[in-house]
Amino acid sequence: MLRRTSTAASFECNAVLDTVALCVTLAAVIKSFRSKALKRLWVRNDAGGLRPDWEPKVRRLLSRLDAATAPGDLDIPGSGFHAMTGNLAGRYALTVSRNWRLTFAFEGADAAELDLEDYHG
């Protein structure tokens, strides 16, 4: 045990250190990709597989997905966020352009199986 006392003017500080605590911050991450173009953009910063006019929006959406810990974190005005139904239940979508959506699932606090698809087509 280490005991330390400091006195400065009328201020006295006593500190006792006998245990070290380790704090771990759990961060949400993007766990997996279905789309090679999305994975290439996220991992290699290479937008070659995307339409150039979609790149800025897709980057923003990927960053939001990386920070999100639950699907509801992505339900912000203008995102087109919605839960999918039917055989796609358990997945969610964000609007990229017209019929194109960035679709994903959540595994715990992590976004998974990200895809870029035209599921209305």
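The values are calculated or read from the model by the stated rules, or taken from the named source; none is laboratory data. These numbers were taken from a predicted model, which means no experiment stands behind them. Because the Cβ atoms are built from the backbone with ideal geometry, glycine has one as well, and the counts that use them run over all protein chains shown. Side chains included, ligands, DNA and RNA excluded: accessible areas come from the protein's heavy atoms. Shrake-Rupley method; radii C 1.70, N 1.55, O 1.52, S 1.80 Å.
Take R40: with every protein chain present and a 1.4 Å probe, its accessible area is about 70 Å². Computed extension length for A70-Y119: 15.4 nm, one decimal, from 0.36 nm per residue of separation with the Cα-Cα distance subtracted.
Please state, to two decimals, what the Cα-based radius of gyration of segment 48-121 comes to when divided by 2.2 N^0.38 Å (N = residues).
Numbers: Rg = 11.7 Å, N = 74, 2.2 N^0.38 = 11.3 Å.
The value comes to 1.04.
For every other residue with a beta carbon closer than 11 angstrom to the beta carbon of D115, add +1 if it is Lys or Arg and -1 if Asp or Glu, then tell me the sum. Net charge around D115: +2. Once both labels are positioned 7 Å from their Cα atoms along Cα-to-Cβ, the gap between R51 and K36 label points is 2.1 nm.
Between A109 and A83, 0.36 nm times their residue separation minus their Cα-Cα distance comes to what?
Numbers: separation 26, 0.36 × 26 = 9.36 nm, distance 1.63 nm.
Extra length available between A109 and A83 comes to 7.7 nm.
The portion of the accessible surface of segment 37-112 made up by carbon and sulfur, rounded to a whole percent, is 49 (1.4 Å probe; DNA, RNA and ligands excluded).
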